[in-house]
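Enquirer: Take this structure first; my questions come after.
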Amino acid sequence: MPKVTVDGQEIEVPEGATVLQACELAGKEIPRFCYHERLSIAGNCRMCLVEVKPGPPKPQASCALPATDGQEIRTDTPMVKTAREGVMEFLLINHPLDCPICDQGGECDLQDQSVAYGRGATRYTMNKRAVTEKYMGPLIKTIMTRCIHCTRCVRFSEEIAGVDEIGAVGRGEDMQITTYLEQAAEHELSANVIDLCPVGALTSRPYAFEARPWELKKTLSIDVSDAVGANIRLDSRGREVMRALPRINDDVNEEWISDKARYQVDGLSRRRLDKVFMRKRGKLQEATWDEVFKAITKAKPGNDIAAIAGDMVDCETMFAAKALLKACGSTLIEGRQTGMDYDVSSLAAVNFNSTFAGIETADAILIVGSHIRWEAPLINVRIRKAVKRGAKVFVIGAFWDTTYPAVFLGDDLSALGDLPDEVADVFDSAERPAIIMGGAALAQGALGAGLRFADQFKLVRDGWNGFNVLHFSAARMGGLMLGYAQKGGIKDIVEAKPKVVISLGADEMDFEPFADALKVYIGHHGDKGAHAADIILPGASYAEKDGTYVNTEGRVQFAEKAVFAPGDAREDWTILRALADALKVDVGFDSFAQLQSAMIADVPALGEEGLADLGVLPKANAKAKAEGAISTYPIRDFYLTNPIARASEVMQRCSVELLHGGELAEAAE
């Protein structure tokens with residue numbers, strides 16, 4: 001390892017490190033605009049200048065200079081100080097004095113660094129250059145006169161998202177960053193360029209002029225729009241969530257989030273259930289808590305009460321419902337609301353065992369029945385990294401537009417047991433082969449054939465488990481750990497003919513088979529589930545309660561409460577606790593802490609944040625076969641997959657404009 005001296009301090013740096021990274025290891029702050037840890041090095045802002053000996057007697061860009069043995073690096077000499085002041089003066093030559101009205105104000109790299117490293121005055125007296133605004137879709141607001149040409153947005157689109165939509169045209173003072181034909185950026189991660197932009201050139205269009213960062217309360221939370229469990233921060237003011245931003249977690253989402261995770265939050269204040277409703281004479285009418293509890297008690301639910309969990313429910317709510325049913329003598333609980341009935345006797349067989357970070361190191365990947373770009377955009381990013389390292393990707397299922405080279409093997413599932421010879425050779429010779437089974441494959445009963453594939457190509461070996469199941473519901477893995485799975489799926493509950501069916505935010509299920517049952521909906525939005533219900537008990541969304549979530553790789557994570565639920569809405573577990581009193585049964589908890597303790601006692605893995613130990617992959621049935629064709633995927637519209645997103649004006653606009661090529665009609669139209 002090379003040894004370098006930074007401001008008189010000798011340190012060892014890893015092989016291949018840059019001078020900038022060496023300075024950071026020595027605890028020195030180096031200003032930068034174009035450099036970003038997860039993007040390629042551009043070296044075009046020149047803000048990171050340092051003095052290096054041996055070398056020419058001039059400042060050098062530390063981000064693009066390799067650290068070599070014996071270097072003497074100075075970050076605090078008069079030459080470096082003067083050089084940085086000069087660079088900052090040039091960067092600000094054309095920059096408008098927009099800070100009071102700029103949405104980046106208060107969290108702007110340019111502001112911070114101009115104060116710390118700038119001259120404090122300009123000598124430029126000529127006319128400033130102006131650049132016309134560009135249209136980048138309903139999510140990204142552009143004021144390109146502020147752009148300093150750091151090209152972070154360009155590199156993100158090309159390298160991370162894999163969609164070459166943003167680039168530079170022109171040279172010199174005519175250079176502009178644009179989407180060429182000024183069309184919308186049409187990929188699932190487009191708004192991450194807002195976080196990357198070090199100035200106010202790219203800001204959030206829906207959040208424009210809404211709030212200042214110092215006004216907001218910041219709460220650590222988990223994204224529930226898919227099963228990745230991206231770490232997010234909810235910024236709220238009063239009782240309203242203003243925005244969602246990514247948190248850095250290298251094991252889960254790195255520092256990216258999908259556009260849906262970021263922008264569905266405006267749906268938290270629209271179409272909300274904030275009053276109790278009961279169906280009277282065929283119509284839902286306002287009622288009281290006592291009234292609806294009496295109606296449920298009147299149905300005399302015993303061992304014929306059922307609970308069906310939705311896609312965004314936390315583990316505590318599911319455990320509270322399970323405890324209530326257990327006290328009534330029932331075991332009719334199910335979380336796979338769309339009717340899937342795959343075998344869950346081994347949770348390792350329904351888990352993403354490679355882990356998200358691990359899938360980057362795979363060298364052969366077979367995707368079966370999953371539109372990964374829509375079901376888990378952040379895993380798609382990881383697969384792109386694997387492809388860059390030389391991985392070969394094959395897909396069984398209907399065609400979708402991949403962001404990396406992939407070979408489609410047709411939509412017939414029988415290919416899983418009879419791969420073409422050249423594909424089989426790739427998996428035979430692979431050191432870290434992997435399979436990803438999606439929801440469409442599970443719905444067709446292909447899990448057994450997937451396990452057989454894992455046996456055939458030895459996907460489990462020393463230090464590697466390449467068998468992966470990709471869920472697309474935030475609550476799915478936690479529900480399976482809590483036992484929310486009947487052997488025959490939801491069909492078993494239909495056959496049991498329950499008197500009372502409690503729907504825990506289950507909006508995607510078919511309520512028709514339960515026409516004779518009393519349907520009780522505990523949820524937060526007036527969506528499909530509420531329309532079908534006989535009784536509506538207003539609950540809390542993920543932003544309005546503490547809760548535990550388990551992502552598709554079996555990682556246990558905790559989300560904190562950001563705001564209070566509106567109106568008469570209550571946290572779900574309190575509703576179930578009150579219902580237990582009405583039914584005169586004992587559920588064993590009176591507070592959230594007691595509920596959580598009881599849940600952890602029942603499933604100890606839910607008490608330890610991090611990857612849960614779900615056992616070893618079971619042996620496959622040698623006769624297992626997969627049949628049928630995968631012509632469609634469970635997610636038909638990326639932007640409208642859950643009740644919060646469907647209530648979101650921003651997500652509706654994205655769906656219409658980005659997926660369906662139309663314009664959203666205004667109310668007057």
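Enquirer: Within the stretch 352-373, does at least one residue satisfy the condition of being among the charged types (D, E, K, R), more than 30 Å from residue 655 (Cα to Cα), modelled with pLDDT under 95 and in contact with an Asp or Glu (Cβ under 9 Å, 6 or more places away or on another chain)?
Expert: Scanning the stretch 352-373 turns up at least one residue that is among the charged types (D, E, K, R), more than 30 Å from residue 655 (Cα to Cα), modelled with pLDDT under 95 and in contact with an Asp or Glu (Cβ under 9 Å, 6 or more places away or on another chain).
Enquirer: Tell me which residues, restricted to the stretch 20-67, are charged (D, E, K, R) and in contact with a Lys or Arg (Cβ under 7 Å, 6 or more places away or on another chain).
Expert: 51, the sole residue that qualifies.
Enquirer: Given the conditions (1) within 23 Å of residue 479 (Cβ to Cβ); (2) open to solvent by 40 Å² or more (accessible area, probe 1.4 Å); (3) modelled with pLDDT of 90 or more, report the number of the one that residue 653 does not fulfil.
Expert: If we test residue 653 against (1) within 23 Å of residue 479 (Cβ to Cβ); (2) open to solvent by 40 Å² or more (accessible area, probe 1.4 Å); (3) modelled with pLDDT of 90 or more, just (1) comes out false.
Enquirer: Quick one: in the stretch 167-215, which of the residues that are of a type in the set (Gly, Ala, Ser) and in contact with a Cys (Cβ under 6 Å, 6 or more places away or on another chain) is surrounded by the most Cβ atoms within 10 Å (Cβ to Cβ)?
Expert: 201
Enquirer: While we're on this one: Could you check how many residues of the stretch 77-108 are assigned to a helix (DSSP H, G or I) and open to solvent by 50 Å² or more (accessible area, probe 1.4 Å)?
Expert: 8
Enquirer: If you scan the stretch 482-502, which residues turn out to be outside any loop (DSSP other than H, G, I, E, B) and out of contact with any strand residue (DSSP E or B) (no Cβ under 6 Å at 6 or more places or on another chain)?
Expert: Result: 491, 492, 494, 495.
Enquirer: Restricting to the stretch 632-650, give me the number of residues that are closer than 20 Å to residue 449 by Cα and either among the β-branched types (Val, Ile, Thr) or modelled with pLDDT under 90 (or both).
Expert: Qualifying residue count for the region: 1.
Enquirer: Within the stretch 128-148, how many residues turn out to be of a type in the set (Lys, Arg) and part of a loop (DSSP other than H, G, I, E, B)?
Expert: Going through the stretch 128-148 one residue at a time, the tally reaches 3.
Enquirer: Next question. For the stretch 234-250, name all the residues that are touching a Ser or Thr at 6+ places or on another chain (Cβ under 7 Å) and under 23 Å from residue 556 (Cβ atoms).
Expert: 234, the sole residue that qualifies.
Enquirer: For the stretch 293-408, which helices (runs of 4 or more DSSP H) that fit wholly inside it have 3 or more residues that are open to solvent by 10 Å² or more (accessible area, probe 1.4 Å)?
Expert: 315-328, 377-388
The values are calculated or read from the model by the stated rules, or taken from the named source; none is laboratory data. These numbers come from a predicted model, not from an experiment. We place every Cβ from the backbone using ideal geometry, glycine too, and count neighbours over all the protein chains shown. Accessible surface is based on the protein model in full, side chains and every heavy atom, while ligands, DNA and RNA are left aside. Shrake-Rupley method; radii C 1.70, N 1.55, O 1.52, S 1.80 Å.
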